[in-house]
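First up is the structure itself, then whatever we jot down about it.
Computed from the coordinates by the stated procedures, all read-outs in this text should not be read as laboratory data. All values derive from a computational prediction rather than experimental measurement. Note that each Cβ is placed from the backbone with ideal geometry, even for glycine, and that neighbours are counted across all protein chains shown.
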Amino acid sequence: MSERKVRVRFAPSPTGPLHIGGVRTALYNYLFARQHSGDFVFRIEDTDSNRFVPGAEEYILEAFQWLGITFDEGVSFGGSYGPYRQSERREIYKQYVQQLLQAGKAYIAFDTPAELEAKRAEQPNFQYDARTRLEMRNSLSLTKEQVEALIAEGCQYVVRFLVEPHRDVHVHDLIRGDVVISSDVLDDKVLYKSADELPTYHLANIVDDHLMEISHVIRGEEWLPSAPLHVLLYEAFGWTDTMPCFAHLPLLLKPEGNGKLSKRDGDRLGFPVFPLEWHDPKTGEVSSGYREKGYLPEAVVNFLALLGWNPGNDQEVMSMDDMVRLFDLSRCSKAGARFDYKKMIWFNHEYILNMDDSAVAEAFMPILKEHGVETTPERATKVVSLMKGRVNFIEELWEQASYFFEAPEAYDEKSLKKWWKEEAPMYVSELCDFIEKNPVFNGAELEPMVMEWIASKEWGVGKVMNAFRVTLVGAAVGPHIFELTDFLGKEETLRRARRALEVLKVE
RNA sequence: GGCGCUAUCGUCUAUCGGCUAGGACGAGAGAUUUUCAUUCUCUAAAGCGGGGUUCGAUUCCCCGUGGCGCUACCA
């Protein structure tokens with residue numbers, strides 16, 4: 001359509017932690033910007049002074065940093081279209097509100113919240129529009145003198161957009177096509193409030209997108225109903241020719257039940273809805289985050305990208321670069337997507353599997369340290385190579401592999417019942433003697449020797465080896481036994497086996 | 001209530017009028033293994049209903065139904 005430079009934005013309001021749905025919206029904007037070598041702008045929409053939450057802005061920035069989603073300009077990034085925080089743009093908005101007022105496209109209204117509430121109580125379907133505006137207290141129903149007097153008195157007022165009735169408003173949406181809504185169902189939205197001298201979302205959004213030369217507005221479907229209003233605003237300002245293209249993304253739905261994914265669902269169903277852990281400054285409530293739960297940012301991003309979009313083939317595991325290359329708004333689905341956290345976990349498993357053992361080990365080292373284990377990166381890497389296939393989270397490595405580093409203190413009852421039968425102590429005792437006397441210990445050479453030795457005794461391999469395993473691990477779990485003995489070394493192997501013989505004798 | 005969006009396996013989705021409806025997660029079964037996992041193989045599992053258009057509809061149109069969203073001096 002237009003040849004102008006692609007410029008998109010993500011514009012959260014700092015009212016709390018960034019929701020996972022917001023992350024997905026930001027991700028699509030990011031992919032779109034990168035694919036078109038465009039700019040990605042980070043704007044803060046803090047026009048509701050009552051809902052400001054300290055720390056939210058910093059949280060959002062930190063979350064994107066963790067996720068690997070980067071911006072080119074905006075709050076904390078700089079740029080030549082600033083300021084990027086709406087609360088710092090008061091004077092700009094005032095100017096544009098005046099413009100609308102002077103052009104007769106907006107008017108001043110004095111109705112108090114209480115009056116409006118009363119009106120709605122008596123008329124359940126009340127809407128502030130062409131049919132009702134003359135019944136209200138505003139600059140259309142009052143005389144110029146009355147209006148001036150009220151303002152002089154210090155009466156609080158709002159500026160409302162004058163919506164012309166009987167018009168079909170077209171919103172061209174890149175995902176949904178042409179959406180037509182009659183202006184009759186639109187109300188005269190409040191654009192500006194004198195109380196805090198700030199505009200509402202609608203006005204600020206249009207003014208900023210225009211001034212910041214935003215080319216594409218990619219946002220959640222919850223904005224679709226107000227898109228016609230936005231189109232009308234562009235028209236009122238005379239900016240139709242540079243109006244951005246719209247794309248309204250399907251919403252993220254709860255994994256079960258009805259409705260869209262909400263903040264509460266997360267901890268109720270056992271998965272986070274926030275990228276990072278969030279400590280509510282007011283209530284002190286803590287909400288879990290993907291980072292703290294041990295998810296890899298690449299896995300989170302990959303999973304989220306596929307909720308509402310797909311590359312058109314069977315490829316699911318994709319790097320950010322892959323996605324930048326493949327992303328396509330026309331391949332976005334239209335219906336809401338249920339959040340499937342089991343698949344999210346699978347993605348995490350997949351990403352751990354694809355990571356270098358040494359990289360996983362690097363993340364595993366601090367966990368080992370927490371449990372009082374001092375070891376080398378080499379040894380940690382060895383354990384990772386043996387065990388990473390069986391975990392979904394790096395943290396799980398400890399519960400799955402602690403016995404590599406610590407001798408068992410207790411022995412699993414079920415395993416004992418199955419493998420620690422009458423002859424087990426004899427097997428283990430004799431095996432210890434055999435291993436002790438054997439000139440070599442490394443698994444590759446030792447294993448065939450042990451097998452041959454067991455065969456010569458005419459014992460069952462399973463019976464001997466599993467009894468042995470229980471003494472080393474404490475349960476009938478773990479990797480190939482000679483991998484473990486290699487890791488433990490001869491001394492520790494024998495020490496564990498003989499200690500078990502002592503401990504288990506009493507029973 | 002009004003307005004809008006939407007509708008394929010339990011879930012995420014492919015199909016852009018020709019289908020024996022494909023893939024993935026999850027589920028189930030089996031194989032491998034000295035244990036537990038991993039891995040591998042296989043199986044079950046879907047076009048909301050009714051009208052059109054068409055030689056032919058999952059695909060296009062309409063109606064109904066379900067789901068979702070919006071309906072604030074919140075974003």
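Exposure proxy ranking for A:VAL217, A:VAL190, A:VAL286, based on other Cβ atoms within 10 angstrom of each Cβ and starting from the fewest, stands as A:VAL286, A:VAL190, A:VAL217.
Listed by chain and number, the lysines whose alpha-carbon sits under 21 Å from that of A:LYS414, ignoring those within fewer than 8 places in the same chain, are A:LYS463, A:LYS505.
Summing Cβ point charges (Lys, Arg +1; Asp, Glu -1) relative to the Cα centre of chain A gives a dipole of roughly 680 debye. Note on A:HIS248, A:HIS19, A:HIS371, A:HIS36: ascending count of other Cβ atoms within 10 Å places them as A:HIS371, A:HIS36, A:HIS19, A:HIS248, the fewest first. Once the Cα atoms are used to define both axes, helix A:443-457 deviates from the longest principal axis of chain A by about 50 degrees.
A simple count of charges around A:THR70, restricted to other residues whose Cβ falls under 12 Å of its Cβ and scoring Lys, Arg +1 and Asp, Glu -1, yields -2. When the trypsin sites (Lys or Arg not before Pro) in segment A:218-307 are filtered for DSSP coil states and for at most 12 other beta-carbon atoms within 10 Å of their beta-carbon, the remaining sites are A:LYS282.
Here the Debye sum runs over all C-alpha atoms of chain A as equal scatterers in vacuum, and log10 of I(q)/I(0) at q = 0.08, 0.10 Å⁻¹ comes out as -0.66, -0.87.
Across segment A:407-507, the mean sequence separation of Cα contacts (distance under 8 Å, 6 or more residues apart), normalised by length, yields a relative contact order of 44 percent.
The fewest-to-most ranking of A:ASP184, A:ASP265 by surrounding Cβ atoms within 10 Å reads A:ASP184, A:ASP265.
Straight-line cross-link partners of A:LYS254 among the lysines, defined as a Cα under 18 Å from its Cα and at least 8 positions apart when in the same chain: A:LYS263, A:LYS334, A:LYS342, A:LYS343. Each residue of segment A:209-218 was assigned a 3J(HN,Hα) from its phi angle through the Karplus expression (A = 6.51, B = -1.76, C = 1.60, θ = phi - 60°), giving 4, 5, 5, 8, 6, 6, 9, 9, 9, 10 Hz with x at Gly and Pro. Compute the FRET efficiency between A:ARG390 and A:GLU235 as 1/(1 + (r/R0)^6), taking r as their Cβ-Cβ distance and R0 = 45 Å, and round to the nearest 0.05. Here the calculated transfer efficiency is 0.15. Whole angstrom only: what separates the Cα centroid of segment A:346-400 from the Cα centroid of segment A:120-167? If we compute the Cα centre of each part, the gap is 65 Å.
Potential lengthening of the chain between A:THR283 and A:ILE151 amounts to 43.6 nm, from the contour at 0.36 nm per residue minus the alpha-carbon distance.
Per q in 0.17 Å⁻¹, report the Debye log10 I(q)/I(0) for segment A:407-507, using one uniform scatterer on each alpha carbon and no solvent. Those come out to -0.69, one per q.
Give me the lysines in straight-line cross-link reach of A:LYS369: C-alpha distance below 24 Å, same-chain residues under 8 apart excluded. Qualifying lysines at Cα under 24 Å: A:LYS293, A:LYS382, A:LYS388. Using θ = phi - 60° in the Karplus curve 6.51 cos²θ - 1.76 cosθ + 1.60, the 3J(HN,Hα) couplings for segment A:289-302 round to x, 4, 4, 5, 7, x, 7, 8, x, 5, 5, 4, 5, 4 Hz; x is entered for Gly and Pro.
Each Lys and Arg adds +1 at its Cβ and each Asp and Glu adds -1 at its Cβ; summed about the Cα centre, segment A:89-207 shows a dipole of about 240 debye. The mean sequence separation of alpha-carbon pairs under 8 Å and at least six residues apart, normalised by the residue count of segment A:89-207, gives a relative contact order of 29 percent.
For segment A:355-402, the C-alpha radius of gyration sits at 0.96 times the compact-globule guess of 2.2 N^0.38 Å, with N the residue count. Taking amide H positions as modeled 1.01 Å from N, with prolines and chain starts lacking one, the residues under 5 Å from A:GLY220 and 5 or more places away or on another chain are A:LEU249. When each of the peptides A:425-431, A:105-111 is scored by the mean number of other C-beta atoms lying within 10 Å of its residues, the order from highest to lowest reads A:105-111, A:425-431. To test your reading of the geometry: what angle, between 0 and 90 degrees and rounded to tens, separates the Cα axis of helix A:461-473 from the longest principal axis of chain A? Approximately 60 degrees, to the nearest ten.
The amide H of A:GLY16, built 1.01 Å from its N in the peptide plane, has A:VAL53 as neighbours under 5 Å, considering only residues 5 or more places off or on other chains. Residues whose amide H falls under 5 Å from that of A:LEU162, counting only those 5 or more places apart or on a different chain, are A:ALA106, A:TYR107, with hydrogens built in the peptide plane. Karplus-based coupling profile of segment A:140-153, in residue order and whole Hz: 8, 9, 9, 7, 4, 5, 4, 4, 4, 4, 4, 5, 4, 5, with θ = phi - 60° in 6.51 cos²θ - 1.76 cosθ + 1.60 and x standing for Gly or Pro.
Taking Cα atoms only, the orientation of helix A:481-505 departs from the longest principal axis of chain A by about 70 degrees.
Place +1 on the Cβ of every Lys and Arg and -1 on the Cβ of every Asp and Glu in chain A, take the dipole about the Cα centre, and give the residue among A:THR70, A:GLY336, A:ALA467 whose Cα lies farthest towards its positive end. Farthest towards the positive end: A:GLY336. Shape class of segment A:84-231 from the Cα gyration tensor (axes a ≥ b ≥ c, square roots of the eigenvalues): oblate, since a/c reaches 1.5 or more and a/b does not exceed b/c. If R₀ is 41 angstrom, what is the calculated FRET efficiency for the pair A:SER262 and A:LEU134, using the beta carbon separation as r and rounding to 0.05? Computed FRET efficiency for A:SER262 and A:LEU134 comes out at 0.55.
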